Amino acid sequence: MDPKKPAEAIKEAAGAVVSKAASLLEPTVPGVPAPEPPSLEEPTQPRGPLPPKPDQDGPQTRTATGAETGAPKTAVGPQGAHLTTADGLRLRDTDHSLKAGPRGPTLMQDHHLREKITHFDHERIPERVVHARGSAAHGVFVGYGTATPVCRAGFLAEGVETPVFVRFSTVLGSRGSADTVRDTRGFATKFYTEEGTFDLVGNNIPVFFIQDGIKFPDVVHAAKPHPDREIPQAQSAHDTFWDFVSLHTEAQHHTLWNMSDRGIPRSFRMMEGFGVHTFRLTDADGGTSLVKFHWKPRLGVHSLTWEEAQLLGGIDPDFHRRDLADAIEAGARPEWELGIQVFPDTPAQTFEGIDLLDPTKIVPEELAPVQPIGRMTLTHNPTNFFAETEQVAFHVGHLVPGVDVTDDPLLQARLFSYLDTQLTRLGGPNFKQIPINRPHAPVNDMLRDGFHYDAVPGGVAPYRPNSLDGGCPFVAGADEHAFVEAPVRIPDSAKVREAPASFADHFSQARLFWRSMSPVEQQHIVLAYTFELGKCYEQAIKERQLRALANIDAELCDRVAAGLGLPAPEASEPQADVAPSPALSQVGGEWPTEGRMVGIVVDADDPGSLEGLPTLRSAVFAAGGVPLVVAGHGGLVGDGVAVQRTFATGRSVELDALLLAGAPGPAADAIPSRDVKAGAASLGVDPRVRLLVEECFRHAKAIGAWGPGVEALTAGGATEGDAGVVVGNDGETVLAEVMGLLGSHRAWQRFPA
Ligand code: HDE
């Protein structure tokens, strides 16, 4: 690390660059569907396409070989005011096919019909075999320069700004699956650096199920839906998954993370990211270090409760996708610091006895602190999902000078897979010429032809050596930004299919993770195992998994066994006395609350409830939150304040905190046969409001009430004095306290011990 400059000063400078890079947007509640409001009647005056929304951005307009074109980004979208064929021929009619008379057969010569249908028939491409469900955003990375002593990569130098595109994903589900399932999340970042594209293709969990890439098809086949009935979708609560992980016990550490709250993140914005493998960095003099990459979210690491996750699967399967896009649209730009744990590059490639080539192991931050090296801010939503989020192609082999791979056998297999998979998914070898994948560095690759080749190479000699093209392209030296593999010495060895002895420890770090959790997090883990194993049909699989749990921790095993109604087995391996790593717990800190959803329940018929509502909304924005006004009917309330959710459309699980400004009686649609949430007939407060309070309370969210709102609070079973419940004289005072409580994410004391 560079000792010359105080880290805070560097971070501040980086922050200034980011704010400059991102244009300021007016705070807004989510749901602005178009750049300008549509007219009620169908428009008839020809006009060009509308511009993208202010929160959207697209790939830079580069040529297929990386040159800046200077063209506006709209140049790659539809042009002109009139409907045309794909060849630009203007069309007079797209509603009727060309027929032999109004009742006659359709004519083969109708090119427009055939082109329109043919293109439609081929709109779908194969989804990713894993990580099919994802969402992405554009942003900027600014290097602090603190990595320069260990890494020569230009994009890590102080103040260097690099455009990035980040895609978050679940692993198991299909493209249309729910966001909030219990699963690992992908966290893949494309840095468009001037030295070539660098991809950091990581996850939100720092370890992996397997130690050798050859097992990847096995773990994925086991975790995907059963091949006979193709169920269940997007989840691990089924026999084949637990069959595999209970037999292949190196998967136990990752599985434990999945069963923890990390498996159900509150938001992509509130996830850590990890490179998982150890990488090798090279400094300007060729010196090397081993490192692990970490993304640390500014908002902290937070999770849903399991009940929230399940409800959201039905109520808003797009919860994470919506949250990311809404936050960026609202100006709450997600931010992470990139950090590294640095280890000496010794021949053993271990640190404090931990094998750095084993991707089922972490190095606790207490042993090797994460040192910040730059900051990433996501500033814009993609303009088009397919063009960008679907077609982006990451690859762990996309490296830049200064960043190299290690011999981690999982990483080695990935180096093959990511090129290969795109051949099927993106239809040939030229996917790097798709706009979102185009490098921002000049490309002269001698790769030629194939499906969808966009570049138009001049010359006649795509080979080396040549004299016909003047010898071009030339190879570069290390001093001319060439990538030079670190000349790592390979120990004298024989060809074997075998793992090092150190890879045989499958339980000590799982135990370390379990022991690092707070009691409430341990409780969530026990419940998750009990739920998932409870969904398995085969008794033997449950028993086998309990044996693995016994080797992790006897108490964990006992508690899960009790829930399953099975005897807890004894450990079959000696248990290491591992020290906990407090950095692994998500509980106990204070974090910023930007972009948090604050519901404000009002009584549209009670002026007292609506008093000061505009000021309160502004105060929520000013505190960094996003206010959602919830009322008995849509449209406007009070002095023209827009309603975002009605009692019928709103649900507690969308909210991070709840403010009760009124105690509305049953609205006109509070009829169980119309809205199941209305439940049994109730007196006083609308039953949906009662449910809102009950659920927010059960999920340990901050709740505030004042004036008539106190009656709604009581109707939902909460009272002043309960943990995380604020009662005050006016909305703004209550809001201030509620936002303070939100800083710790939940009122943790409310969970049963
Ligand atoms: Fe991947 N993985 N993976 N993976 N992976 C893919 O590439 C693969 C692994 C990760 O948003 C695929 O373009 C193998 C570890 C992310 O587009 C595929 C092995 C980690 C994404 C593939 C692994 C990851 C992928 C599917 C074992 C965390 C989504 C489509 C050797 C460090 C990237 C694609 C995106 C995607 C193969 C293991 C993360 C098939 C063979 C470990 C975040 O190539």
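The values are calculated or read from the model by the stated rules, or taken from the named source; none is laboratory data. All values derive from a computational prediction rather than experimental measurement. Note: ideal-geometry Cβ built from the backbone for every residue, glycine included; neighbour counts use all protein chains shown. Side chains are part of the model used for accessible areas, which takes the heavy atoms of the whole protein and leaves out ligands, DNA and RNA. Shrake-Rupley method; radii C 1.70, N 1.55, O 1.52, S 1.80 Å.
Mind putting a number on the dipole of region 104-223 about its Cα centre? Charges go on the C-beta only, +1 for Lys and Arg and -1 for Asp and Glu, and I need it in Debye to the nearest 20.
320
Rounded, prolate or oblate: which fits region 69-225, taking a ≥ b ≥ c as square roots of the Cα gyration tensor eigenvalues, rounded meaning a/c under 1.5, else prolate when a/b beats b/c?
oblate
Once you keep just the Cα pairs under 8 angstrom separated by 6 or more residues, what percentage relative contact order results for the chain?
Relative CO of the chain lands at 12 percent.
Which order do 333, 674 take when ranked by solvent-accessible area (1.4 Å probe, heavy atoms of all protein chains), largest first?
So, going from the largest accessible area down, we get 674, 333.
At what distance in angstrom do the alpha carbon centres of region 165-208 and region 31-107 lie from each other?
The distance from the Cα centre of region 165-208 to that of region 31-107 comes to 31 Å.
Once you have the Cα-Cα distance between residue 591 and residue 495, take 0.36 nm times their residue separation minus that, and quote the gain in nm to one decimal.
Extending this stretch completely gives an extra 29.5 nm.
Can you tell me which of 213-219, 565-571, 545-551 comes out highest on packing, and rank the rest after it, using the mean Cβ neighbours within 10 Å?
Going from most to least packed, we get 545-551, 213-219, 565-571.
Give me the percent relative contact order of region 491-604, please, defined on Cα pairs under 8 angstrom at least 6 residues apart.
Averaging sequence separation for qualifying contacts and normalising by length gives 31 percent for region 491-604.
At R0 = 22 Å, how high is the FRET efficiency between residue 69 and residue 119 if r is their beta carbon distance? Nearest 0.05 is fine.
Between residue 69 and residue 119 the formula returns 0.30.
Ordered by residue, what ³J(HN,Hα) values in Hz, to whole numbers, does region 344-349 give under the Karplus form 6.51 cos²θ - 1.76 cosθ + 1.60, where θ = phi - 60° and Gly and Pro are x?
x, 7, 8, x, 6, 6
Quick one: of the DSSP bridges fully inside the chain, what percent are antiparallel, nearest 5?
Rounded to the nearest five, the antiparallel share is 75 percent.
Testing the spin-label approximation: label points 7 Å from Cα along Cα→Cβ at residue 476 and residue 107. State their distance in nm.
Distance between label points: 5.7 nm.
Whole number please: convex hull volume per residue of the Cα set in region 185-317, in Å³?
Residue-normalised Cα hull volume stands at 159 Å³.
Measure off 7 Å from each Cα along the Cα-to-Cβ vector at residue 622 and residue 719, then give the distance between these two points in nanometres to one decimal.
Simple spin-label model gives 3.4 nm for this pair.
List the residue ranges in the chain for DSSP H helices whose C-alpha atoms run 18 angstrom or more along the long axis and whose Kyte-Doolittle average is -0.5 or above.
7-21, 409-425, 519-534, 539-552
Roughly how much of residue 326 is accessible, in Å² to the nearest 10, using a 1.4 Å probe?
Solvent-accessible area, nearest 10 Å²: 30 Å².
So how do 257, 591 rank on accessible area, 1.4 Å probe, biggest first, that is with the largest at the start?
Largest to smallest exposure gives the sequence 591, 257.
Between region 217-266 and region 351-390, what is the separation of their alpha carbon centroids in Å?
22
Two decimals, Cα atoms only, Kirkwood Rh: what is Rg/Rh over the chain?
Taking Rg over the Kirkwood Rh, I get 0.98.
Once you place label points 7 Å from the Cα toward the Cβ at residue 467 and residue 93, how far apart are they in nm?
6.6
Residue 112: accessible area at probe 1.4 Å, nearest 10 Å²?
40
Divide by every residue of the chain the summed helix terms, -39500 (n - 2.57) for each DSSP H run of at least 4, and state the resulting mean residue ellipticity at 222 nm, rounded to the nearest 500 deg cm²/dmol.
-7500 deg cm²/dmol
Farthest toward the dipole's positive end in the chain, which of 662, 264, 52, given Cβ charges of +1 (Lys, Arg) and -1 (Asp, Glu) about the Cα centre?
Toward the positive end, the furthest listed residue is 52.
Given the options 685, 626, 84, identify the residue whose Cα lies farthest towards the positive end of the charge dipole of the chain (+1 on Cβ of Lys, Arg; -1 on Cβ of Asp, Glu).
The residue sitting farthest along the positive end of the dipole is 84.
Quick check for you: with a 1.4 Å probe and neighbouring chains kept, what is the accessible area per residue of region 394-436, in Å²?
36
For residue 127 and residue 555 in one chain, what is 0.36 nm times their gap in residues minus the Cα-Cα distance, to one decimal in nm?
Difference between extended and current length: 149.9 nm.
Hey, if you put +1 on the Cβ of every Lys and Arg and -1 on every Asp and Glu Cβ in the chain, which of 609, 353, 94 ends up farthest toward the positive end of that dipole?
It is 94, whose Cα lies furthest towards the positive end.
Let me know the charge dipole size of region 514-562 about its Cα centre in debye, to the nearest 20, where only the beta-carbon of Lys, Arg (+1) and Asp, Glu (-1) is charged.
Result for region 514-562 is approximately 80 debye, rounded to the nearest 20.
At a Förster distance of 35 Å, what's the computed FRET efficiency of residue 445 paired with residue 285, Cβ-Cβ distance as r, to 0.05?
0.75
To the nearest 10 square angstrom, how much accessible area does residue 212 have with a 1.4 angstrom probe?
70
When the solvent-accessible surface of protein heavy atoms is calculated with a 1.4 angstrom probe, in what order do 751, 647, 531 fall, highest first?
Ranking 751, 647, 531 by accessible area, largest first, yields 531, 751, 647.
Taking square-rooted eigenvalues a ≥ b ≥ c of the alpha carbon gyration tensor, is region 289-436 rounded, prolate or oblate, where a/c under 1.5 means rounded and, failing that, a/b exceeding b/c means prolate?
It is oblate, given that a/c is not under 1.5 and a/b is not larger than b/c.
Tally Lys/Arg at +1 and Asp/Glu at -1 over every other residue whose Cβ is under 15 Å from the Cβ of residue 387; what's the total?
The answer is +3.
How long is the gain from residue 86 to residue 504 if the chain were fully straight, where each residue apart is worth 0.36 nm and the alpha carbon distance is subtracted?
That works out to 144.6 nm of additional length.
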